[in-house]
Amino acid sequence: MTTFSDNFNRADSTNLGANWVEVSGDWSIVSNQLSPGVSGGTVVLRAAGAMASNDNWAQTTIAATTAVSQGVWCRGDTTLDNGYLLRNNGSNWALFKVVSGAFTSIGTYAAAAVAGDVVKVQAVGSTIKAFINGTERISVTDTAVTTGTNVGIRSEANTGLRFDDFSAADASVSVSGDAALSATATLSAAGIRSTGGDASVTATATLSASGLRTAAGNAALSATASLTASGVRTTSGDTGLTAVATLAADGVRATSTGAALAASAVLAASGTVTTSGDAALTATAGLAASGQRSTAGDATLAAAAAFTADGQHEATAGASLAAIAALAAAGTTALVGGAGLTATATLTASGTVHSAHDDVDITVGAPYSPWAAAQPHGDPWPTSSPHSTDWEVAAPW
């Protein structure tokens, strides 16, 4: 947006300075005011610098007046052969369109110029307006002149005229009173739209070198993400992103920051899987060289036993094991631990069996004998005469 102003507060001179171009006539500074000259008909003065757009305005103060042509113009070319002019002829204000040097009135306001009047002409699109002392007096729609960036003053050369406090600028759209205004925006070199004044504009975004879109100002933007070298997406700012995981060299997936991840495990050299972090894992066991299984960490494992060289198996750690017994060289089974064992016995060389347990009970009673004392039976050896057939002494055979 381009602006221009001059209050003419400098020494009297016929040279207005580099900021002005005297299109016609001999303009000068007199007593800190602008004079159109002594005589010589209509004269034209324009600002050396042009406005940035075709929508612009120009304004000046009538410091001293007389009944001759005097006014201000905008949206003009360098010589005012085309543009819009607000002019007072001593009796009323008239708004003119100028096309190829031809002046046509398109609106009027009946009032003579008065010293101290602040007059302004404005062209925005096809709406052309005239203001007297800040009040809109003429407003018309006209499309005769659509381009022009020059502004200035047009007047009769007369010693009775003086101008002061000239200003001009590109016209920005503004609301009148409480009326609503549709948002307008300009497109910057970065591709971001910015609002005109306080108007709202839909959030826009720029695309950075990394491919991330960033919001313009405080506008909300849907969460975006960049893809890192490891293949993990990271969020832009504080936006939420579905948890992702990376695959480490050992084959374990790890979460991105604090995201939740299903428990995973690594496989140790012994063939045991262990948990990653605090995740729960079904108890596993390793097989030792002795042939017994041991638990991984604090997991519970059913009692296991090792088979020793003497043929007995032992419980692992504090696990419970059914009572077992060892067979000694003497043929006796000995109890392992404090478990109960049925009484056993050994067979000695004499053929006697001895109890191998100290708690075998033996009952002692009266002795048994086959020789009982009682009345004698009848004479078992009776005396009688010998039978004839018994032993006799006789002649030899």
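A few comments on the model shown:
- As a summary of the residue check, residue 124 satisfies the conditions (1) crowded, with 18+ Cβ neighbours inside 10 Å; (2) touching a strand residue (DSSP E or B) at 6+ places or on another chain (Cβ under 7 Å) except for the one numbered (2).
- Scanning the stretch 1-16 for residues that are of a type in the set (Asp, Glu) and farther than 26 Å from residue 171 by Cα yields a count of 1.
- Of the residues making up the stretch 162-185, not a single one is β-branched (Val, Ile, Thr), at pLDDT 95 or above and either surrounded by fewer than 13 Cβ atoms within 10 Å (Cβ to Cβ) or assigned to a strand (DSSP E or B) (or both).
- Within the stretch 110-135, residues that are within 16 Å of residue 169 (Cβ to Cβ) sit with their Cβ atoms under 9 Å from residues that are of a type in the set (A, V, I, L, M) and modelled with pLDDT under 95, at 6+ positions apart or across chains, in these pairs: 122/171; 123/171; 124/171; 124/173.
- From the options 66, 42, residue that is in contact with a Gly (Cβ under 9 Å, 6 or more places away or on another chain), within 27 Å of residue 142 (Cβ to Cβ), surrounded by fewer than 18 Cβ atoms within 10 Å (Cβ to Cβ) and of a type in the set (S, T, N, Q): 42
The values are calculated or read from the model by the stated rules, or taken from the named source; none is laboratory data. Keep in mind it's a predicted model, so treat the numbers as computed, not measured. Neighbour counts run over all protein chains shown; Cβ positions are idealised from the backbone, glycine included.
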